[in-house]
1. For segment 11-217, compute Rh as the Kirkwood radius over C-alpha pairs and then the Stokes-Einstein diffusion coefficient at 25 °C and 0.890 mPa s; write the answer in µm²/s, rounded to an integer.
2. I need the fraction of alpha carbon pairs in segment 1-100 separated by more than 15 Å, rounded to a whole percent.
3. Quickly rank 244-250, 302-308 as a protection proxy: mean count of other C-beta atoms within 10 Å, highest first.
4. Using the C-alpha gyration tensor of the chain, what are the square roots of 5 times its eigenvalues, in whole angstrom, with the largest one first?
5. Quick one: work out Rg over Rh on the C-alpha atoms of segment 11-69, Rh as Kirkwood radius.
6. Please report the base-10 log of the normalised intensity I(q)/I(0) for segment 214-273, using a Debye sum with one equal scatterer per alpha carbon and no solvent, at each q in 0.16, 0.25 (1/Å).
7. At 1.4 Å probe size, with the rest of the protein present, what percent of the exposed accessible area of the chain is carbon and sulfur atoms?
8. Rounded to the nearest 500 deg cm²/dmol, what is the calculated helix-only ellipticity per residue at 222 nm for the chain, with -39500 (n - 2.57) per DSSP H run of length n ≥ 4?
Amino acid sequence: MPRPAITHIHLDNLRHNYRLLKRTAKDSEIMTVVKANAYGHELFLVAPALLEEGCTSFAVTDATEGCELRSILGFYKKIEIVLLSGIFDEEDAELACQHQLTPTISELQQVHLLKQAGFNGNVWIKIDSGMNRLGAKTPKQILEACFQAEINVCGLMSHLACADEPNHQMNQKQAVAFNEMCDQISPELPRSLLNSAGIISMPEHTYHTVRPGIALYGAEPVAAQPIGLKPVMTLTGEIMQVRDIPAGVSVSYGATFTADQAMTIAVVGLGYADGVPRSLSNHGHVFIHSQKLAIVGRVCMDYTMIDVTDTDTKPGDAVEFWGENILANDVARSLDTISYTLFTGVGERVRRKAV
Ligand SMILES: Cc1ncc(COP(=O)(O)O)c(C=O)c1O
């Protein structure tokens, strides 16, 4: 029997989030961001569900992820698979041809690679509007090179640095810079600027296409403006053993927790190799029997201990680390991180199960 380390993937909630984002983004096309194994939610569960909801545009990181997604979705309909990091070498260019992938282009060299491979599909051009991450420095030159190579440019995109802070001055600055560049390069080309947070905080900039990622998975991207997203992932472990301990004894590595009175400890079969952050040691909570119980001692590679004193906890009981009862955003905030790191940190050995 496999270890009962399971993350439940609530596909109804995913569908709800997709529909909600579609309504929020009004008439824009939705390019769903499913990179990094659908933010840890399992691509082969997430992508078909989005396809069934009518999504025909998906974004992944690179050609390897693009090929995997193409094998899941097939070639039927006109399904766009965008590579947000573009292509890296000749092999990627070949893969883009064979699997009808849509690279984003930030460098002239990428156009040359595609031309050499005989690529005749579509690309997006990525423009840096102020985040200073990936983006073309000479987008006009890239557009012309694409034109000469008979590569179709389906749009211009850029990415926001601070969209989760609606009043941040960077947002308007980037929007202005992006639009000025688009107007100069090619006013008629479709534009795409917004990620999840931007859809909520900058609704006047939805343009042709929006690119939600984290919101699909149910984590509210703008803390001050929740829109009713539902959590898609529930990370669940199982109680393996329950033991009573007397006052004065310690629990787990480093003996960092000592019982100040007699208590009952339960061992959960899920640890940091499964994605439980080690920084939850002596700090976090889990949800079991309709209550929140404290994590005691250090989180181990395969186990986490919790205080189950005065509860009727028994081996086999399910324990939620995050999901509908403990929001991933709240866990992340308590650790000074973001829910993205929790979702993508869930280990490969944790089985994803659609519910
Ligand atoms: C270019 C680009 N667009 C959209 C997204 C989706 O962002 P989010 O998950 O914040 O919605 C990402 C994610 O990193 C990205 O890199």
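1. Numbers: Rh = 17.1 Å.
In µm²/s, the coefficient rounds to 144.
2. Value for segment 1-100 (Cα pairs over 15 Å): 63 percent.
3. On the way: 244-250: 11.9, 302-308: 23.4.
Result, highest mean Cβ count within 10 Å first: 302-308, 244-250.
4. On the way: eigenvalues 385, 87, 62 Å².
With the √(5λ) rule applied to the chain, the semi-axes are 44, 21, 18 Å.
5. 0.96
6. Debye output, listed in q order: -0.71, -1.03.
7. Details: 7980 of 16050 Å².
Taking all protein chains in place, the chain shows 50 percent carbon and sulfur surface.
8. Computed mean residue ellipticity for the chain: -8500 deg cm²/dmol.
The values are calculated or read from the model by the stated rules, or taken from the named source; none is laboratory data. This one's a predicted model, so the numbers in the text were calculated from it and none came from an experiment. As a convention, Cβ positions derive from the backbone with ideal geometry for all residues, glycine included, and neighbour counts pool all protein chains shown. Just so you know, the surface numbers come from the protein's heavy atoms only, side chains and all, with ligands and any DNA or RNA stripped out. Shrake-Rupley method; radii C 1.70, N 1.55, O 1.52, S 1.80 Å.
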